[in-house]
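None of the figures in this text is laboratory data; all of them are computed from the coordinates on show. What you are looking at is a predicted structure, and each value in this text was computed from that prediction instead of being measured. Note that we place each Cβ from the backbone using ideal geometry, even for glycine, and neighbour counts take in every protein chain shown.
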Amino acid sequence: MAACVSGGAAAGADDAAETKDAAPWRLPEIRLSRPVAHPVIACTADELARLKAAWAADGPAHDILAARFARADEAIKAGLTFPDEGGQHNQWYQCDKCQMALKTVDAHHHKCPKCGKVYSGFPYDNVLYARTHSRNLHRMETAAWAWAVTGDRKYAEFAAKVMLGYADRYLEYPMLHASVSDKSVDVAAQKHGKLKSAGHLWEQTLNESMGMIPLVTAYDLVHDSGVLSDDEKRRVETRFIRAMAECIDVHKAGKSNWQTWHNAALLWAGAVLGDEAMVRAALDRPKNGFAFQMQASVSAEGMWYENSWGYHYYTLSAMTHIAEGARRLGIDLYSHPLLRKMYTLAFDYVMADGSLPRFGDAVQDSPDRGVNEEAYAACGDERILAVLPRERTWDSILLGRDMSKQAELPEAASCVIPGAGHAILRTNGPGKLSAAMTFGPYGGFHGHFDKLSFVLFGHGQELAVDPGRAKSQAYRLPIHREWYKASVGHNVVLVDGKGQKEADGKLLAFAANDSYAAVAADAGPAFDGVRHRRLLLLAPTYLVVVDELKSADNKERTFDWVYHNLGAKVTGELPEAEAGLGNADPGFKYLRDVKAYGVGEQKQTVLTVAGEKVSTRLLMPARKGDQVFTGTGVFRSVDDRVPVVVLRRTGSRVLFGALIEPVAAGDSPTVQDFSALDGVPASLEEWYFVKHGEHVDHLSIRPDFTSFRLTRRERVGRTELLSADRPSP
Ligand SMILES: [Zn+2]
Ligand SMILES: [Zn+2]
């Protein structure tokens, strides 16, 4: 469990830190029994017996099996199509000009929904071939299960037809690579060099690895069916399973989710081929195997290093194939404490709408995942049980879950996850607000330049947005680099119109109780010559964000405080201004409907992002010379717009303070005023705000952001609401 702090406890960064387990985990002994007794890895004898028992009885379990086997019947009826070539990456399936996903007209025509341009041939057709290959292998697997459970030979024959069809074609398909859309490039010639991740059925060894699981499952299940001759078995084993394993193993990816999938493929292939060395490579190879990956790529709390929930679960599904496969071979990998943590960490992150913060290249994730049935069977954690389907599923039948057991998800607490570098703030007001801030290590290829960025959820809605990645996986397009991965797509501060570079942030302080939660962190070396520190304070009805940016050389700079909030548009009463936003940041070109304002003589800037169910008020103490810009930015695609506010200030040391209050439709705001004490000495920054009635809450922050105090001043006396203290270093 992560280092959660709740119920009035307070902790500084060091108190909250968690060290890796003291006793090093040891890989259990690897020994395969010979000869291979099939099925060796598709399932155990007990698992197959459970499926057969479900099939033999009447009831919902039988119906689930019947529904799956009906798909095998449909596949047999539909017949087989083997594409002429391998598949290509979905990233090609976009209009270059409009940066939008294409719509399929037919197998050879793919149309941009915006400009109408029709794309044809390679690599666009191949994106559809990729799906056909995948469908073929999954149909083969389904048919193999139907054979194994019902004993009806027609299913085994269909599965054999698919695997033999591919055994004849696999090595004949020219190799493709995700980065190469020029057919004249000899990809195979460079398979041992820069294009080593190329594949035959798909353009990446990653996808070949994913295809290995249904392939091995199907072969394992029909091996003893009598439909394959010895010669045919040899062809499937050498020209398909081993050939694919060899293609995959050319590419050793090390600390990478690719290697996790490669390991899964090698383990499954090695098991079904009876190749102990291949199984050993999957688990124990230095700098690549399962044992190495767990040690090098998972934080102490169980977060995959890429710091994106999408990739955490994507990797975890490969880990689960490895652990399940190993379990069937008598090797217990679930004994690894970090693997167990990988299944449960997300429960600490669940936001007010049930989703997980969209850090890094993620789209929309929740802890309700396909790996949970296996994880619950192995770990028995009640939180996993709470999100498992209450109705029978294929996996629950196979793994024999006791369906009478049920659990409810406990209320999650505010917490800090220092290794992954996240703080989760939650309060129990009417809107059940939740916020998350990221300050952790850079996630690599799938990480974003988002140090100190935050998201906010409330009243069951997503409000402050991190867009994650484009839904269409636009990795190769400028918008990915200039918007989704860039700082400007996040709730951060830009320095002289530029975003951050790769950086590890640093936790400075954290404290939480039932009503308040706060975190302070430093962006580390995200900017050359500028230090950025931020404090987030979550109260029952609002979030306060305080930033300090300081030039190391006292040089005057321009700072853009950027905020993205879901809703229709931004409104406010501000005098319009002439000055434009400029184009210093390449991401600014994705903004639309930009309007510029000044602040005149007002003490406070108030803007509202109107939403259907929830509107968000933004209150910022005004400073002379403030420039305010409103407009819309990009969410899931370039046409999916989110209101944006940019507050621009210049100076050698600049402070930003903002209070964000979500207000449900029909409710009134609780905050009347949010203002900063003017002329404060540099040693003390004090912010205060006035709430309903007589209450004035004061937030004071030590200049180095390592301690803070929130107190309520009433007519008589004062109450401390939240504080964190760390002695100065
Ligand atoms: Zn277009
Ligand atoms: Zn992001």
### Query
Over all distinct Cα pairs, what is the inverse of the mean 1/r for region 570-653, reported as the Kirkwood hydrodynamic radius in Å?
13.8
### Message
Let me see the P(r) profile for region 111-244: every Cα-Cα distance counted, bins of 5 Å, each bin given as a percent of all pairs.
### Response
2, 10, 18, 19, 16, 12, 9, 7, 4, 2, 0, 0
### Query
Angle, helix 257-273 long axis vs. longest principal axis of the chain, Cα atoms, 0 to 90°, nearest 10?
20
### Task
Would you give the gap between the C-alpha center of region 84-154 and the C-alpha center of region 428-477, rounded to a whole Å?
30
### Query
Per residue, what volume in Å³ does the convex hull of the Cα atoms of region 110-156 enclose?
86
### Query
Over region 262-326, how many percent of alpha carbon pairs lie in each 10 Å bin up to the one with the longest distance?
23, 51, 22, 4
### Query
So which lysines can K252 reach, going by Cα to Cα under 23 Å and dropping same-chain residues fewer than 8 places off?
K191, K194, K196, K287
### Query
Any idea what the dipole of the chain comes to, in debye rounded to 20, about its Cα centre with Lys/Arg Cβ at +1 and Asp/Glu Cβ at -1?
940
### Message
Please list 3J(HN,Hα) in residue order for region 321-330, calculated via the Karplus relation 6.51 cos²θ - 1.76 cosθ + 1.60 where θ = phi - 60°; whole Hz, with x for glycine and proline.
### Response
4, 5, 5, 5, x, 4, 4, 6, 8, x
### In degrees, nearest ten, helix 60-78 long axis to first principal axis of the chain (Cα)
70
### Message
Can you order the peptides 90-103, 440-453, 223-236 by their average number of other Cβ atoms within 10 Å per residue, highest first?
### Response
440-453, 90-103, 223-236
#### Entry: Cα-based convex hull, region 489-541, per residue volume (Å³, whole number)
93
### Summary
Restricting to Cα pairs under 8 Å and 6 or more apart, the percent relative contact order of the chain works out to 11
### Task
Over every pair of different alpha-carbon atoms in region 457-553, take the mean of 1/r and invert it; report that Kirkwood radius in Å.
15.4
### Message
Return the equivalent ellipsoid semi-axes of the chain as a descending list in whole Å, where each equals the square root of 5 times an eigenvalue of the C-alpha gyration tensor.
### Response
51, 29, 23
## Note on the structure
Here the alpha-carbon Rg of region 167-279 over 2.2 N^0.38 Å rounds to 1.08
### Query
How do the peptides 574-586, 519-531, 168-180 rank, highest first, by the average count of neighbouring beta carbon atoms within 10 Å per residue?
519-531, 168-180, 574-586
### Task
Sorted from largest down, give the three principal axis spans of the alpha carbons of region 526-680, whole angstrom values.
49, 37, 30
### Under 22 Å from K432, Cα to Cα: lysines that are on another chain or at least 8 residues apart
K613, K691
### Among A323, T608, V562 - extreme Cα towards positive end, dipole of the chain, charges at beta-carbon
V562
### Message
Within 12 Å, Cβ to Cβ, of E74, how many net charges do the neighbouring residues add up to if Lys/Arg are +1 and Asp/Glu are -1?
### Response
+4
#### Entry: Protection proxy ranking, peptides 553-561, 326-334, average beta carbon neighbours within 10 Å, highest first
326-334, 553-561
### Task
Please report the orientation-averaged projected area of region 398-455, defined via the convex hull of its C-alpha atoms, in nm².
7.3
### Task
With 5 Å bins from zero, work out the P(r) of region 368-520 over every alpha carbon pair and list the percent per bin.
2, 8, 14, 14, 15, 14, 15, 11, 6, 2, 1, 0, 0
### From phi via Karplus (6.51, -1.76, 1.60), per-residue ³J(HN,Hα) for region 474-483 in Hz, x at Gly/Pro
7, 3, 8, 8, x, 4, 5, 6, 8, 10
### Message
Using the Cα centre of region 211-279 as the reference point, and only Cβ charges (+1 on K/R, -1 on D/E), how large is the resulting charge dipole? Debye, rounded to the nearest 20.
### Response
320
### Task
Select from F158, H223, V118 the residue farthest towards the positive end of the dipole of region 118-255; place +1 on Cβ of Lys and Arg, -1 on Cβ of Asp and Glu, and compute about the Cα centre.
V118
### Query
In terms of modelled amide H atoms, which long-range or inter-chain residues lie less than 5 Å from the amide H of Q500?
S487
### Summary
Taking placed amide H atoms and a strict 5 Å upper bound, the residues 5 or more places from L102 or on another chain that come that close are Q94, C95
